[in-house]
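Q: This is the structure, below, for whatever I ask next.
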Amino acid sequence: MQRDMHYYATYAMAAAAGIPKEDAETIAYASQNVDDQNDEDIFSVREVGGDFCEAVISIPTAHHPLETGAFAELAHLEREIASAVRRKTNHKEGRDDSRLVWVPFHFLPGNKGRTYLEKLVCQKDSQVANEMLEHHLGLAAEDFGLVLAGIAAHVYIDTFAHYGFSGVTSWLNSVDVSSIRVSDSHDHETKSYIEGSASLFRSLYGALENAAHIGHGGVDTCPDRPFLKWEFRYKQGVNVESRSNPDNFFEACSKLHAFFMCFAERRYVDGSRSSITPFDAIANEVRLLIAQEGEMSVREQAWIQAMERGTLPVAVCDEYVVGSWGVDLAEALAEKNFTRIRSSRAYYFHSAAEYHRHFVLKRLLPKHGLIVA
């Protein structure tokens, strides 16, 4: 999914569930930040005799550090091939980012099928995903609870877009690119834009797709566009796979609202919860917003305008600013202000991301017999 869903739609579902505006914004920012956090650094706060003392280590959650979108997948493919060659001679060299980033944050395994690779394929609204949500709900009252809820929201609703693909190198991800079709229900301008984008991507993707089979790269960004109805066929498949993103994304919003209802019940036991708007009361507006065709900026504005005119009856959220949490942390580090560092939302994000990654890779997936990293 893209920013209109991971930030604006996520904020709207959280606010409608009675989560106060500032907290809902924190949850939504954390959700979108999963796609934007590409730093992988150690920030030293203080040194004594040349040795690091207090330090902050950032946790990358984006598809690959320094790369996002389609080019992230291309960059990862190139590194994946080089890494595979290195691992044949020295297993300790190289790093498989797909298993540390793509699997726990973007392609949560659904644990269906017979073979290991089949079980790593992401499944919509899977039992594994729901167990992850339930576990994180138990931490709703923690200091990083809001941020962890945002990360969980990102991972969960991505299962409604990324299902059928896995976050590791797998032949199961391979798609017959000539089979991709955009529904005739879309206007000519939309079809031309989507098909042109996919054509450009395929011209860049080329032979690498056959070499690495990573994520949903074979179908470009088709799974992530909320309004899109489309179809494709896997290279090893016979039947055409038809997708209605509007239906899938609407279901994701409904389930996300329910998750935030549970979250609010556990966090706001002191009566500070805001008024609740049932999902049924906003369902029609949510459907219209998801069906909004156009580039991401157009779709984002549609969510903002719905809040402004009251058809989406929640307070208007602040616009998303990439990197603003990181700026706040950098200032706190420069001041050597340990209280400010510890309470910064960026610090909470790194803490929550590390917690989530460890839980998924070392506890949740092994519980289901899957050792990924």
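Q: To the nearest 0.05, how large is the calculated FRET efficiency for residue 181 and residue 339 if R₀ is 41 Å and r is the Cβ-Cβ distance?
A: Using R0 = 41 Å, I get an efficiency of 0.15.
Q: Taking a probe of 1.4 angstrom, what is the accessible area of residue 355 in Å², to the nearest 10?
A: The accessible area comes out at roughly 70 Å².
Q: Further question on the same structure: So, with a 1.4 angstrom probe, what is the percent of accessible area on the stretch 277-330 that is carbon and sulfur?
A: Roughly 53 percent, rounded to a whole number.
Q: Could I ask something else about it? Roll a 1.4 Å probe over the protein heavy atoms and report the accessible area of residue 367 in Å², nearest 10.
A: Probe radius 1.4 Å; accessible area of residue 367 about 140 Å².
Q: Using a 1.4 angstrom probe on the protein heavy atoms only, line up 220, 176, 187 by accessible area, largest first.
A: Descending accessible area places them as 187, 176, 220.
Q: When a/c is below 1.5 the answer is rounded, else prolate if a/b is larger than b/c, else oblate, so apply that to the stretch 97-148 with a ≥ b ≥ c taken from the square roots of the Cα gyration tensor eigenvalues.
A: Oblate shape, in that a/c is at least 1.5 and b/c is the bigger or equal ratio.
Q: Right, next: Testing the spin-label approximation: label points 7 Å from Cα along Cα→Cβ at residue 291 and residue 273. State their distance in nm.
A: 3.2 nm
Q: In the full protein assembly as shown, how much of residue 59 is accessible to a 1.4 Å probe, in Å² to the nearest 10?
A: Its heavy atoms expose roughly 10 Å² to the probe.
Q: Determine, from the Cβ-Cβ distance of residue 281 and residue 251 and an R0 of 25 Å, the FRET efficiency 1/(1 + (r/R0)^6), rounded to the nearest 0.05.
A: About 0.90, to the nearest 0.05.
Q: A further question follows. Using the Cβ atoms and a cut-off under 12 Å, what net charge is assigned to the surroundings of residue 30, where Lys and Arg are +1 and Asp and Glu are -1?
A: -3
Q: Let me ask you something else. How large is the accessible surface per residue of the stretch 278-366, computed with a 1.4 Å probe and reported in Å² as a whole number?
A: Spelled out: the 1.4 Å probe surface of the stretch 278-366, per residue, equals 51 Å².
Q: Between beta-carbons, use under 12 Å as the cut-off and find the net charge around residue 254, counting Lys and Arg +1, Asp and Glu -1.
A: Residues near residue 254 contribute -2 overall.
Q: Using the heavy atoms of the protein chains and a 1.4 angstrom probe, tell me the accessible area per residue for the stretch 218-277 in square angstrom.
A: Roughly 44 Å² per residue, with all protein chains present.
Q: How far apart, in nm, are two points set 7 Å out from the Cα along the Cα-to-Cβ line at residue 21 and at residue 143?
A: It is 2.7 nm.
The values are calculated or read from the model by the stated rules, or taken from the named source; none is laboratory data. Please read all numbers here as calculations on a predicted model, not as lab measurements. Reconstructed Cβ throughout: ideal geometry from the backbone, glycine too, with neighbour counts over all protein chains shown. The area values use the complete protein model at the heavy-atom level, side chains included, leaving out ligands, DNA and RNA. Shrake-Rupley method; radii C 1.70, N 1.55, O 1.52, S 1.80 Å.
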